[in-house]
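One structure is given below, encoded as structure tokens.
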Protein chains: 2
Amino acid sequence: RYAPQAEHVPVGRHEPGKVAETHAAIDRRIVEEAAAGRCVVRLKGGDPLVFGRTAQELAVAREHGIPCSIVPGVTSACAAAAEEEFPLTARGTAGAVVFVTGHRMHGVPEPRWDLLARCNETIVVYMGAARAAEIAKRLIDGGRSPAEPTAIVHAASRSERRVRYQRLHELIDGAAEPACKPPCVIVIGPVVRLGKSCPVELGGTVSIGPRNASLVSERRVDA
Amino acid sequence: RYAPQAEHVPVGRHEPGKVAETHAAIDRRIVEEAAAGRCVVRLKGGDPLVFGRTAQELAVAREHGIPCSIVPGVTSACAAAAEEEFPLTARGTAGAVVFVTGHRMHGVPEPRWDLLARCNETIVVYMGAARAAEIAKRLIDGGRSPAEPTAIVHAASRSERRVRYQRLHELIDGAAEPACKPPCVIVIGPVVRLGKSCPVELGGTVSIGPRNASLVSERRVDA
């Protein structure tokens, strides 16, 4: 839409119907196109330097002498927080927010869930859908309260987004569907209680479905 | 520029020559203008829900029945990382990034620097200019290596930005000027080593001055 003359090459690896390119193939394509004198835009969702693997692609570009510039973006945690209207930090409640990956690579050590639990700050787990139950258990074992409020936000900023509010221990019970499908972020901490859809008493769970497009204009203040 | 018909009310508290409004006065003004039927845009730098005090303003708006929507933004850590071209997370190096405030409010407990130190993840300290030496000491006391690379980025995304690379222990010695003036973020962790201005050997320190505007176009690939 913004560059009608551009050739659009979808390389998304997790979208249905998309060609699953390996990262090596993406790197190769970037180098080839740039070497041919073309301007290459590598478009990613979120912020490219937060769980975006931009560093690897940048290293390849640097190695081939291709000048680059990186445009920062809105990372999923910020998009989810803005839509649900809870802060990621709050004076006197959370002096820090941790963005951590729930996706464990072969051979890479696990994040220190026990220490993160004890920090008592806001935790946002990226790519944690498959391991939500295990991560919740590790945090509780590390000393985090089982009653801690959590929000699972699926497809933040997209029309098909879904939200589910529940307590930390409920993630262990597997009560996370359908919000807990990739792409999703799991937000853990007292700040979640300030979310616009969060039930005042988190005794049960609440699940919010796809965004109603008309709601957006209803919420706008007319000048 | 984007709304020439709008009335522009500067309420910045830290900029020279600006009127220092209290937060209560800002809240009151928002409520008054909205009650008069006007569309109010509360413009902030960075992401409004990361150390932005948006939650308080939102609470006041909700209390007065003023419908709001929050637009997410690029938080300073992401802006600084994009400009300096280091990732905030990296596979096998940092599975998490922590955004933490260095500004201690009266009566609010200190972040658990000892636990954050031991997590061995990327740490970004917001509003840490005045306490850089003390925070570095707490992290080292908590077990973080004194040799850890750090980057202090002043005024990320602005033309007057400055960057200083050095090791964690050098922050204790106070060798942080002039990058360490507000607004700045202090980025700590091995990912910093990938920054485009980072010296390969961080034996000494390196300080990068204001951005050369012409550099931007030099770095663009011509189509």
Criterion: in a helix (DSSP H, G or I) and under 20 Å from the mean Cα position of the chain (by Cα) - qualifying residue of A:151, A:133: A:133
Every residue in the range A:49-58 that is more than 7 Å from every other protein chain (Cβ to nearest Cβ) and open to solvent by less than 30 Å² (accessible area, probe 1.4 Å), please. A:52, A:57
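Restricting the search to the range B:161-175, which residues are in contact with a helix residue (DSSP H, G or I) (Cβ under 9 Å, 6 or more places away or on another chain), closer than 14 Å to residue B:206 by Cβ and either touching a residue at least 60 places away in the same chain (Cβ under 8 Å) or open to solvent by 10 Å² or more (accessible area, probe 1.4 Å) (or both)?
Listed by number, the residues that qualify are B:163, B:170.
Results for (1) assigned to a helix (DSSP H, G or I); (2) surrounded by 20 or more Cβ atoms within 10 Å (Cβ to Cβ); (3) touching a Leu at 6+ places or on another chain (Cβ under 9 Å), shown as yes or no for each residue.
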site: A:32; (1), (2), (3): yes, no, no
site: A:45; (1), (2), (3): no, no, no
site: A:60; (1), (2), (3): yes, no, no
site: A:72; (1), (2), (3): no, yes, yes
site: A:81; (1), (2), (3): yes, yes, yes
Kindly evaluate residue B:62 against the criterion of being of a type in the set (D, E, K, R) and over 15 Å from the mean Cα position of the chain (by Cα). yes
Only unsatisfied item for residue A:6, checking (1) closer than 21 Å to residue B:84 by Cα; (2) surrounded by fewer than 14 Cβ atoms within 10 Å (Cβ to Cβ); (3) touching a residue at least 24 places away in the same chain (Cβ under 8 Å), is (1)
Which residues, counting only those in the range B:90-119, are in contact (Cβ under 8 Å) with a residue 60 or more places away in the chain and open to solvent by 10 Å² or more (accessible area, probe 1.4 Å)? B:90, B:93
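Condition check ((1) in contact with a strand residue (DSSP E or B) (Cβ under 7 Å, 6 or more places away or on another chain); (2) facing chain A (nearest Cβ under 9 Å); (3) of a type in the set (Lys, Arg)) across all residues:
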residue: B:33; (1), (2), (3): no, no, no
residue: B:40; (1), (2), (3): no, yes, no
residue: B:60; (1), (2), (3): no, no, no
residue: B:78; (1), (2), (3): no, yes, no
residue: B:104; (1), (2), (3): no, yes, yes
residue: B:107; (1), (2), (3): no, yes, no
residue: B:110; (1), (2), (3): no, yes, no
Only one of B:69, B:157 is polar (S, T, N, Q), within 7 Å of chain A (Cβ to nearest Cβ) and either on the phi > 0 side of the Ramachandran plot or over 20 Å from the mean Cα position of the chain (by Cα) (or both), namely B:69
In the range A:177-207, how many residues are modelled with pLDDT under 90 and within 17 Å of residue A:76 (Cβ to Cβ)? 3
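The values are calculated or read from the model by the stated rules, or taken from the named source; none is laboratory data. Everything numeric in this text was worked out from a predicted model, so none of it was measured. A quick note on method: Cβ atoms are made from the backbone with ideal geometry, for glycine too, and the neighbour counts reach across all protein chains shown. Side chains are part of the model used for accessible areas, which takes the heavy atoms of the whole protein and leaves out ligands, DNA and RNA. Shrake-Rupley method; radii C 1.70, N 1.55, O 1.52, S 1.80 Å.
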